[in-house]
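Q: Shown below is the structure under consideration.
The values are calculated or read from the model by the stated rules, or taken from the named source; none is laboratory data. Note that this is a predicted model, so its numbers are computed, not measured. Cβ: placed from backbone, ideal geometry, glycine included. Neighbour counts: every protein chain shown. What goes into the accessible areas is simple: the full protein's heavy atoms, side chains included, and nothing from ligands, DNA or RNA. Shrake-Rupley method; radii C 1.70, N 1.55, O 1.52, S 1.80 Å.
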Amino acid sequence: MQFSKYHALGNDYLVLNPKDGDLPDEAGIVRICHRNFGLGSDGILYGPLDTDKADFGLRILNPDGSEAEKSGNGLRIFARYLFDAGLVKNEAFTVDTPGGVVTCKIADNAESITVDMGKVNFGMDHIPVDGPEQADHNIGQKLDINGTEYTAYIADIGNPHCVIPQPEISKELACKDGAVIEKHSLFPNRTNVQFLKVIDRNNIEIEIWERGAGYTLASGSSSSASAAVAHRIGLCDKEITVHMPGGKIGITIGDDFAVRMTGPATRVAKMDFDEEALGFSV
Ligand SMILES: N[C@H](CCC[C@H](N)C(=O)O)C(=O)O
């Protein structure tokens, strides 16, 4: 089964075009994405799919087999895949995701891609959260995790995010407390988690624990949500560079918290997955 592998700042995806095969079942996705027994990936992008809502349709699968409503890095990679396949050039085009329709545009060199990700919504209104109604979306949700009381800001850009400003952040913090928060009872659909360090009014740093994927080096929707929260609570302006272990993404916060994301997407390989590898049990 033919896959095209790309990465976006180290957040890697396998693109499966429907003409090359059907989307495997959950167990198959887990095996294909496995870092040792499979091709290794932070997820699968299945498309282009037919849709009457946009130029192209896309499904986004996490390496645990769960389906995501949106992926910022995944969308930049998909845009680059469509460009490499000669299906788009430098004009803007739209992609229909389960989390809404977005607009993509590829710069001349095809290495910088801009996606209008949609609006960020804050608080309980937009993602299922089982907790006391937030009186004011600017007031964070108190979370007691492993003995630490955090103030967390809930943000939704099609997929769910829990953004936690902290004076110091680390991979260890994301892996230890992010893993607990992902599955916290407050989030019946689970959530992506970002620990946020504000550098100045135009720069933030985040460490990420992704729903269904775990620790990743970069995340486009996490960058969008974190930048929107930092602006919403008055810590940053509207132009924000998000610094992550895998690299940086440019975010512009528009009216009503509509987010424009700009970053690279890098082609890695064409890979032919041998179905013999589907045989082991996870
Ligand atoms: N794991 C995420 C989807 C991928 C997000 C990330 N890779 C990005 O670039 O936005 C979720 O279940 O919502």
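Q: Run down Pro132, Pro128 and say which single residue is modelled with pLDDT under 90, more than 17 Å from the chain's Cα centre (by Cα), under 25 Å from Thr97 (Cβ atoms) and not in a helix (DSSP H, G or I).
A: Checking each option against the conditions leaves just Pro128.
Q: If we scan the range 20-28, do we find a residue that is open to solvent by less than 10 Å² (accessible area, probe 1.4 Å), closer than 26 Å to Ile157 by Cβ and in contact with a helix residue (DSSP H, G or I) (Cβ under 7 Å, 6 or more places away or on another chain)?
A: No, because not a single residue in the range 20-28 is open to solvent by less than 10 Å² (accessible area, probe 1.4 Å), closer than 26 Å to Ile157 by Cβ and in contact with a helix residue (DSSP H, G or I) (Cβ under 7 Å, 6 or more places away or on another chain).
Q: Restricting to the range 215-229, name every residue that is open to solvent by less than 10 Å² (accessible area, probe 1.4 Å) and either farther than 13 Å from Asp156 by Cβ or more than 7 Å from the ligand (Cβ to nearest atom) (or both). Can you show your working first?
A: Filtering the range 215-229 down to residues open to solvent by less than 10 Å² (accessible area, probe 1.4 Å) leaves 216, 218-229.
Within the range 215-229, Thr216, Ala218, Ser219, Gly220, Ser223, Ser224, Ala225, Ser226, Ala227, Ala228, Val229 qualify.
Q: Can you find a residue that is within 16 Å of the ligand (Cβ to nearest atom), within 25 Å of Gly214 (Cβ to Cβ), at pLDDT 95 or above and within 15 Å of the chain's Cα centre (by Cα) anywhere in the range 81-89?
A: Quick first cut of the range 81-89, residues within 16 Å of the ligand (Cβ to nearest atom) only: 81.
Adding the requirement that they be within 25 Å of Gly214 (Cβ to Cβ) leaves 81.
When the remaining residues are screened for being at pLDDT 95 or above, the result is 81.
From what's left, within 15 Å of the chain's Cα centre (by Cα): none.
The answer is no, given that none of the residues of the range 81-89 is within 16 Å of the ligand (Cβ to nearest atom), within 25 Å of Gly214 (Cβ to Cβ), at pLDDT 95 or above and within 15 Å of the chain's Cα centre (by Cα).
Conditions (1) open to solvent by less than 30 Å² (accessible area, probe 1.4 Å); (2) touching a residue at least 24 places away in the same chain (Cβ under 8 Å), marked per residue:
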{"residue": "Pro48", "(1), (2)": "no, yes"}
{"residue": "Lys70", "(1), (2)": "yes, yes"}
{"residue": "Arg76", "(1), (2)": "yes, yes"}
{"residue": "Asn90", "(1), (2)": "no, no"}
{"residue": "Gly99", "(1), (2)": "yes, yes"}
{"residue": "Ile106", "(1), (2)": "yes, yes"}
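Q: Provide a single number: the residues in the range 140-172 that are over 17 Å from Asp64 (Cβ atoms), open to solvent by less than 40 Å² (accessible area, probe 1.4 Å) and not in a strand (DSSP E or B).
A: Here the count works out to 5.
Q: Identify all residues within the range 234-250 that are in contact with a Gly (Cβ under 9 Å, 6 or more places away or on another chain) and open to solvent by less than 50 Å² (accessible area, probe 1.4 Å); write none if there are none.
A: Correct list: Ile240, Thr241, Val242, Met244, Gly246, Gly247, Ile249, Gly250.
Q: Just one of Ser66, Ser41 is surrounded by fewer than 22 Cβ atoms within 10 Å (Cβ to Cβ) and out of contact with any Ser or Thr (no Cβ under 9 Å at 6 or more places or on another chain); which is it?
A: That would be Ser66, the only listed residue that is surrounded by fewer than 22 Cβ atoms within 10 Å (Cβ to Cβ) and out of contact with any Ser or Thr (no Cβ under 9 Å at 6 or more places or on another chain).
Q: Still on this structure, please answer the following. What are the residues in the range 187-204 that are part of a strand (DSSP E or B) and either closer than 27 Å to Cys33 by Cβ or open to solvent by less than 10 Å² (accessible area, probe 1.4 Å) (or both), if any?
A: Initial filter on the range 187-204 (part of a strand (DSSP E or B)): 192-200, 203-204.
Those that are part of a strand (DSSP E or B) and either closer than 27 Å to Cys33 by Cβ or open to solvent by less than 10 Å² (accessible area, probe 1.4 Å) (or both): Asn192, Val193, Gln194, Phe195, Leu196, Ile204.
Q: Moving on. Could you please find all residues in the range 108-122 being of a type in the set (A, V, I, L, M, F, W, C), in a loop (DSSP other than H, G, I, E, B) and either within 20 Å of Ala8 (Cα to Cα) or free of Cβ contacts under 8 Å to residues at least 60 places away in the same chain (or both)?
A: Correct list: Ala110 only.
Q: Would you call Asn189 within 13 Å of the ligand (Cβ to nearest atom) and modelled with pLDDT under 95? Break it down into steps so the answer makes sense when it comes.
A: Numbers: within 13 Å of the ligand (Cβ to nearest atom): yes; modelled with pLDDT under 95: yes.
When the stated conditions are applied, Asn189 passes them.
Q: Scan the range 205-214 for residues that are open to solvent by less than 20 Å² (accessible area, probe 1.4 Å) and near the ligand (Cβ under 10 Å from one of its atoms) and jot them down.
A: Ile208, Glu210, Arg211, Gly212, Gly214
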